[in-house]
Every structure is written in C-alpha cells, then in structure tokens.
Amino acid sequence: MSVLQRFRAGLLGLGALLVLGVLAPAGDAAAGEPGLRLKVSVIQATKEKAAPDPALAKIQGELQEAFAGYQGFKRLQAEEKLLSSDTPVKLELPNGESAEFKHQGLEKNLHKIRFTLAKSKVNLDLKAPLKKMFYQAGMKHGGGILILAMYLAPVGEPPAPDKPTP
C-alpha cells in the first residue's frame with residue numbers, strides 16, 4: 001500500500017468517526033432523552049423553634065434567612081426526577097397535593113419550568129439557573145408551610161461539592 005493510499009484510508013476512517021460523533025448526540029436528543037435532573041427536597045417549616053435537621057445542614061442558614069418568620073425546618077422527603085419538555089413529572093406532596101414540573105426551554109441562561117398544583121389551581125412559570133438552589137413555598141401543611149427546595153443539574157453530571165444540594 002502506497003503512502004497516498006494509507007493517507008486516504010486514514011482520512012476515510014477519520015471521516016467515519018466524525019460522522020458517528022456528530023450523529024450520535026443528535027440521535028439521543030431526537031429520542032427525547034431528558035437532559036436535566038431536578039432534585040427536590042420537601043421541607044416543612046413551622047413557627048416553633050426546633051433542633052436543626054441534619055439532612056438540611058447545608059442549607060439551614062439559607063432557609064432561616066429566606067423564611068425568617070419560621071424557626072423549625074424538617075425535610076419530609078427527597079426526590080430526584082428527570083425533567084423533559086415532553087411529559088410533566090409528578091411529585092406527591094405530604095399535604096395531599098400533586099406537584100407537576102415541565103421543562104419549557106431556556107431563556108437568558110435560565111431554565112423555564114412550568115410548576116402546577118392542580119388541586120390549588122396554581123400554575124407558575126419558574127426560571128432557574130443550573131446548579132443553584134431555588135425555592136417555591138407557601139402550601140399549608142401541619143401548622144406550617146411546605147417549602148420545595150429545588151436544584152437543577154445536567155443528567156450525568158454530579159453536583160459540585162461546594163454547592164448545597166437538597
């Protein structure tokens with residue numbers, strides 16, 4: 001085999017690899033593969049002073065600052081859902097409500113999420129960055145309120161160790 005033939009064979013092989021590399025991600029996206037993980041901690045906040053919940057150690061200070069009228073915080077459940085624009089994901093809440101989340105795209109580096117509580121007739125469009133905690137609160141439960149502490153991260157990428165996770 002001449003040098004020119006080897007060069008052509010190498011280019012053909014490289015071309016095939018490039019085509020496969022370009023088409024493989026498109027195939028995953030076309031199959032509706034979700035691209036975001038939504039981690040949700042359901043927290044009960046009460047006016048009564050309570051010992052800090054060890055499950056909330058990373059965000060305890062943030063909760064006390066954001067929800068200053070409440071003194072007791074307890075994590076009731078933690079869930080992780082794959083978020084997509086195809087189908088809403090449901091989360092059953094301890095107050096009998098069912099929360100739904102649906103990804104609605106990206107706007108100025110913020111992910112738009114449609115948040116719905118069917119029984120309460122709540123429909124909100126939330127905007128959230130990746131890898132940063134955000135909250136939705138106000139649903140009554142057990143003499144206090146429920147707080148949803150949420151965190152978005154790409155599928156397959158672990159959260160940064162210095163970032164609080166629910």
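The values are calculated or read from the model by the stated rules, or taken from the named source; none is laboratory data. Computed from a predicted model, the values in this text were never measured in an experiment. In this analysis, Cβ positions are derived from the backbone assuming ideal geometry, glycine residues included, and neighbour counts consider all displayed protein chains.
Restricting the range 85-102 to residues that are within 17 Å of the chain's Cα centre (by Cα) and of a type in the set (Asp, Glu), the residue that is surrounded by the fewest Cβ atoms within 10 Å (Cβ to Cβ) is ASP86.
Between ASP53, ASP28, which is outside the structural domain of LEU146 (by TED's automatic domain parsing) and either within 23 Å of the chain's Cα centre (by Cα) or at pLDDT 95 or above (or both)? Unique residue meeting the criteria: ASP28. Listed by first and then second residue, the pairs with beta-carbon distance under 8 Å, at least 6 apart or on different chains, first residue in the range 122-135 and within 15 Å of LEU83 (Cβ to Cβ), second not in a strand (DSSP E or B), are PRO129/ASN109; LYS131/PRO159; LYS131/ALA160; LYS131/LYS163. Look at (1) part of a strand (DSSP E or B); (2) surrounded by 13 or more Cβ atoms within 10 Å (Cβ to Cβ); (3) small (Gly, Ala, Ser) and you find that ALA55 fails only one, number (1). One residue is enough: does the range 34-46 have a residue meeting the conditions surrounded by 10 or more Cβ atoms within 10 Å (Cβ to Cβ), in a loop (DSSP other than H, G, I, E, B) and either at negative phi or modelled with pLDDT under 50 (or both)? Yes, the range 34-46 contains a residue that is surrounded by 10 or more Cβ atoms within 10 Å (Cβ to Cβ), in a loop (DSSP other than H, G, I, E, B) and either at negative phi or modelled with pLDDT under 50 (or both).
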